[in-house]
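Here's the structure, in structure tokens; my notes come after.
Quick note: the coordinates plus some simple rules give every number you see, no bench work behind them. It should be emphasised that the depicted structure is a prediction, and the values quoted were computed from it without experimental measurement. Every residue, glycine as well, gets a Cβ built from its backbone with ideal geometry; the counts of neighbours run over all protein chains shown.
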Amino acid sequence: MRVYVPLTVPGLAEVHKAGELGPAPLRAYAVTPGLREWYVSDDMEELEYAALGRAALASLRMIAADADAPRRRVVVAFDVDDRAATAAPGNDEAALGQVSLGSSVRLSVAAAVHVDADDALEDVTAAVGAVDAADAGDDDALSLVDGAEDHELLWFGVQEIPGLLK
């Protein structure tokens, strides 16, 4: 199962230094029954892209909680055994695709690191300031969050993490 772990740039730096994500339980996103039902697709690539999007939104919320974090969403993708991930309880939108990993994961086995490109900075910054209002139902704020989601995260290999932290 491919899982997507949301982070911030400082969080990625900590993970890089430690060599692993942990301690457990770790919040991640994956293709769950609830996500399949919500997204209404049988295409695994589309479903995994939706799970990545859910993790990117979680990263945005993490950035909003850290005033010093650079305004770049970060998601690390891992392949784990299906039994390693437990779907989050609940059917609300916040729980869609959310899973809990029961153990730490070595960074060296990550499949990829996904990070915003420089051209997303303005829209991600605006979305960070609007995410709480968007969660409360403000349509203008939701439009700003959607603006960040319009930017696809770039793909990087684990060996490229030091360059991402500069």
For the list (1) touching a residue at least 12 places away in the same chain (Cβ under 8 Å); (2) outside any loop (DSSP other than H, G, I, E, B); (3) loosely packed, with under 15 Cβ neighbours inside 10 Å; (4) not polar (S, T, N, Q), I need the number of the one condition that ARG83 fails. (1)
If I filter the stretch 8-17 for residues that are in contact with a Lys or Arg (Cβ under 9 Å, 6 or more places away or on another chain) and within 18 Å of GLY53 (Cα to Cα), do I get at least one hit? yes
In this structure, is ALA94 within 18 Å of the chain's Cα centre (by Cα), crowded, with 20+ Cβ neighbours inside 10 Å, of a type outside the set (Phe, Trp, Tyr) and not in a strand (DSSP E or B)? no
Does ARG2 fit the bill of being under 17 Å from ARG73 (Cα atoms), charged (D, E, K, R) and touching a residue at least 12 places away in the same chain (Cβ under 8 Å)? no
Restricting to the stretch 97-139, give me the number of residues that are crowded, with 16+ Cβ neighbours inside 10 Å and either part of a helix (DSSP H, G or I) or not small (Gly, Ala, Ser) (or both). 19
Assuming GLY163 fulfils every condition listed in (1) surrounded by fewer than 17 Cβ atoms within 10 Å (Cβ to Cβ); (2) not in a helix (DSSP H, G or I) apart from one, which condition is it? (2)
Of all residues in the stretch 18-77 being part of a loop (DSSP other than H, G, I, E, B) and charged (D, E, K, R), which is farthest from PRO162 (Cα to Cα)? ASP42
Just to be sure I understand, how many residues within the stretch 43-66 are under 16 Å from VAL115 (Cβ atoms) and either crowded, with 22+ Cβ neighbours inside 10 Å or under 8 Å from the mean Cα position of the chain (by Cα) (or both)? 9
Checked the stretch 132-163 for anything touching a residue at least 60 places away in the same chain (Cβ under 8 Å) and closer than 21 Å to TYR49 by Cβ; matches are VAL145, ALA148, GLU149, LEU153
Let me confirm something: among LEU26, LEU35, which residue is among the aliphatic types (A, V, I, L, M) and in contact with a helix residue (DSSP H, G or I) (Cβ under 7 Å, 6 or more places away or on another chain)? LEU35
